[in-house]
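Data block below; observations after.
Throughout, read-outs are computed from the coordinates displayed, never taken from laboratory work. Just so we're clear, the structure is a prediction, and the values are computed from it rather than from any experiment. Cβ placement follows ideal geometry from the backbone for every residue including glycine, while neighbour counts extend to all protein chains displayed.
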Amino acid sequence: GAQVSFIGPGSQLRRETGADGRFEFRGLKAGDYTVSARRPGFSRATVDPVNVAESRAAEPLELVLKPGATISGVVRDRAGAGASGWYLSARAASQGGEAVFGPGSIRSDEPTGPDGVFYLEGLITGETYELQVMGQAGLGPRKAGVVAPAEGVELVVTGTGQIRGRVVDAD
């Protein structure tokens, strides 16, 4: 009953596992893939990279789902009101790297509503995370050092800005 997905050269697929936890993706192009599994109430498990070769059968993968934790809170605008339309992403500090929205990160499934509330699930209890806000205007604020589980985390976004200018030829 877990959901398994993979991302790779030109494709992204999701499947439900069988009652015994087994899954299979067939007809894949050769290359490196990221395979992840999730189930409500559990942390997510990821194997990256998984190399698929044309001429040999792949070794079976085992992804282990452990009891999970959540981080929840609210995204607010500068006036203190809930900010809608924002997604959140969490990346474990142990993963390193700069891209919080990337492979291995945990993203909110839905954007924040009018109240600005967000909910990230599938995190590892005791792990420290960096959070990143993203919306139609691009990347918003980051917050580092959030230990799962956590409630009441607040992030403040600014309004959208603009760039104006003029292009002229050299003459």
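At 7 Å along Cα-to-Cβ for each site, give me the label-to-label distance between I7 and D115 in nm.
The answer from the label model is 3.0 nm.
With the crude spin-label approximation of a point 7 Å out along Cα→Cβ, what separation in nm comes out for E59 versus T17?
Distance between the two pseudo-spin positions: 1.9 nm.
Of A45, S108, F118, which is farthest along the charge dipole of the range 35-126 in the positive direction, counting Lys and Arg as +1 and Asp and Glu as -1 at C-beta?
Result: F118.
Dipole size in debye (nearest 20) for the chain around its Cα centre, Lys and Arg Cβ +1, Asp and Glu Cβ -1?
80
For the range 37-82 and the range 107-168, what is the separation of their Cα centres, given in Å?
17
Can you work out the FRET efficiency for the pair E154 and T34, with r the C-beta to C-beta distance and R0 = 25 Å, to the nearest 0.05?
E(calc), rounded to 0.05, equals 0.20.
How long is the gain from R142 to R26 if the chain were fully straight, where each residue apart is worth 0.36 nm and the alpha carbon distance is subtracted?
Working: separation 116, 0.36 × 116 = 41.76 nm, distance 3.84 nm.
Working it through step by step, the gained length comes to 37.9 nm.
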